[in-house]
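The values are calculated or read from the model by the stated rules, or taken from the named source; none is laboratory data. Bear in mind that the values here come from a model prediction, so they are computed numbers and not experimental data. Backbone-built Cβ (ideal geometry, glycine too); neighbour counts: all protein chains shown.
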Amino acid sequence: MLRRNFIQASIIGTGAAAMGCIDRRKKEDLASNPDLDKVLAEPVLKRSYFPDEVIIQSIELLRYQENFICRVRSTDGAEGIAVSNNMQFRYLYPIFLGRLQPFFIGKDARDLEQLLEEVYVYKSNYKLQSLALWVPLATLEFAMLDLLGKIASKPMGALIGDIHHKRIAVYQANNFRGKTAEESIEGIKRQVAETKAQALKFKIGGRMSKNQDYPPGRSEALIPLVRKTFGDDMTIYTDSNGSYDAAEAIRIGRLIEEYKLDFYEEPVPFDWYEETKEVTDALLVPIAGGEQEPSMRNFRWLIGNDALDIVQPDIFYFGGMIRAMRVARMAASKGKTCVPHISGSGLGYLYMMHFVSAVENAGPYHEFKGFNMDIPLHCETSSLSSDEGVVTVPTGAGLGVTIDPGFIKKHSIVNL
Ligand SMILES: [Mg+2]
């Protein structure tokens with residue numbers, strides 16, 4: 001087609017050539033977004049809390065069974081620790097050791113924001129962009145924010161923004177794919193009764209399943225059933241995990257609208273950007289997405305072109321709170337909300353709570369997959385449990401919890 005256009009243009013002359021120019025200008029308009037670029041240029045980390053330099057003396061990776069801890073120490077004796085997203089990190093830790101750890105030693109932790117930009121290029125790390133780079137980098141960032149929070153006597157959230165939410169309402173997430181609509185609704189009812197959440201999210205489609213449903217017809221039966229079961233006052237979200245192409249996503253979306261669900265997540269595979277926009281343009285129900293998105297530039301496109309109504313960066317999968325805050329701020333500048341995704345294992349829920357506490361345009365309910373009791377810890381400022389569907393964000397310094405020192409001692413240092 002391109003070749004044919006070129007030949008026609010050369011025969012017909014200036015008229016067709018001018019059309020070519022118009023096409024190119026249109027693409028530039030899509031890429032140009034000075035408002036979002038201004039937001040992206042604004043600093044996130046509150047450097048003013050740190051008058052003195054904080055030189056990173058050591059970065060250790062500790063392992064006990066499948067639990068990974070990053071411990072950062074400064075030359076003046078401050079310490080920060082983070083528990084990784086262990087589900088992913090067990091496969092990715094050599095990247096942490098070989099591609100990140102050496103870069104940060106001797107650097108000033110106050111420069112964290114700039115260091116995140118530099119380490120992306122260091123050893124061509126950008127070629128690893130996605131979970132491979134971002135989960136290890138987020139782990140390191142959380143340890144550094146814990147350390148900085150302890151120095152400034154501030155919780156992590158206060159280092160990346162003002163505290164807007166001290167308590168966070170949660171929605172009950174579940175996954176009963178493979179079960180019939182009737183079996184699924186019993187499971188959803190049981191879980192909502194346990195947490196007393198005022199909102200819930202249920203799965204439809206088959207997860208990246210090219211329009212297949214498991215069992216067939218489950219989603220179309222379940223969408224009306226969930227609304228009927230919980231009534232009009234319940235906030236109900238649904239997630240297809242990229243199950244559909246655009247046409248099927250829109251067809252299912254019409255049913256979602258009929259039963260007044262409150263958002264529709266990942267209607268098509270996450271990197272089908274044009275199709276995501278096509279679905280969003282066709283439907284009135286808010287479209288949510290972004291949990292798999294690794295690229296700031298792609299978020300900028302999705303937000304700038306109104307392809308998403310609700311952004312859902314995962315703070316581990318997207319490389320930490322500072323990067324995720326930029327996404328939230330871009331979304332805020334366009335009147336959109338941020339409902340970060342939470343990935344399982346480790347202390348993901350705690351990091352998510354700190355992040356949400358600082359997000360002005362956070363959605364009304366946030367994902368809850370239950371608390372991880374495998375890591376023994378103590379928190380003086382929060383029960384870390386869902387109280388009538390609401391959890392309190394810890395207010396102590398850094399992460400705001402104390403992990404049992406005896407548990408940390410069980411870990412051994414990991415080297416390449
Ligand atoms: Mg999802």
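Miscellaneous remarks
- Here residue 272 meets each of (1) closer than 25 Å to residue 369 by Cα; (2) within 16 Å of the ligand (Cβ to nearest atom) with one exception, condition (1).
- Top-ranked residue in segment 348-364 [being crowded, with 23+ Cβ neighbours inside 10 Å and either in a loop (DSSP other than H, G, I, E, B) or of a type in the set (Val, Ile, Thr) (or both); ranked as nearest to the ligand (Cβ to nearest atom)]: 363
- Unique match (being of a type in the set (A, V, I, L, M), within 15 Å of the ligand (Cβ to nearest atom) and not assigned by TED's automatic domain parsing to the domain that holds residue 132) among 282, 288: 288
- Test result for residue 41, loosely packed, with under 15 Cβ neighbours inside 10 Å, at pLDDT below 95 and of a type in the set (A, V, I, L, M, F, W, C): no
- Test for residue 128: is it within 29 Å of residue 151 (Cβ to Cβ) and either in contact with a Pro (Cβ under 8 Å, 6 or more places away or on another chain) or surrounded by 15 or more Cβ atoms within 10 Å (Cβ to Cβ) (or both): no
- Among (1) aromatic (Phe, Trp, Tyr); (2) within 15 Å of the ligand (Cβ to nearest atom); (3) in contact with a strand residue (DSSP E or B) (Cβ under 7 Å, 6 or more places away or on another chain) - the single one residue 244 does not satisfy: (3)
- Complete set of residues in segment 64-86 that are over 25 Å from the mean Cα position of the chain (by Cα) and assigned to a strand (DSSP E or B): 64, 73, 74, 79
- Residues that are part of a helix (DSSP H, G or I) and away from the ligand (no atom under 16 Å from the Cβ) were ranked within segment 300-322; the one that is surrounded by the most Cβ atoms within 10 Å (Cβ to Cβ) is 321.
- Taking segment 65-101 as the range and being at negative phi and surrounded by fewer than 14 Cβ atoms within 10 Å (Cβ to Cβ) as the test, the residues that pass are 66, 75, 76, 91, 94, 98.
- For segment 105-136, taking the residues that are of a type in the set (Ser, Thr, Tyr) and closer than 24 Å to residue 83 by Cβ, the one that is farthest from the chain's Cα centre (by Cα) is identified as 120.
- Residue match in segment 230-237 (condition: touching a strand residue (DSSP E or B) at 6+ places or on another chain (Cβ under 6 Å), hydroxyl-bearing (Ser, Thr, Tyr) and either within 16 Å of the ligand (Cβ to nearest atom) or under 21 Å from residue 280 (Cβ atoms) (or both)): yes
- Within this structure, residue 397 passes the test of being at negative phi, touching a residue at least 12 places away in the same chain (Cβ under 8 Å) and in contact with a strand residue (DSSP E or B) (Cβ under 8 Å, 6 or more places away or on another chain).
- Number of the condition not met by residue 407 [criteria: (1) within 29 Å of residue 309 (Cα to Cα); (2) modelled with pLDDT of 95 or more]: (1)
- Counting the residues of segment 152-180 that are buried (at least 20 other Cβ atoms within 10 Å of the Cβ) and assigned to a helix (DSSP H, G or I) gives 3.
- Filter result for residue 328 (over 26 Å from residue 93 (Cα atoms), outside any loop (DSSP other than H, G, I, E, B), without any contact (Cβ under 8 Å) to a residue 12 or more places away in the chain and out of contact with any Asp or Glu (no Cβ under 6 Å at 6 or more places or on another chain)): no
- Residue 266 falls short on exactly one of the conditions (1) of a type in the set (D, E, K, R); (2) crowded, with 19+ Cβ neighbours inside 10 Å; (3) away from the ligand (no atom under 16 Å from the Cβ); (4) at positive phi, and that condition is (3).
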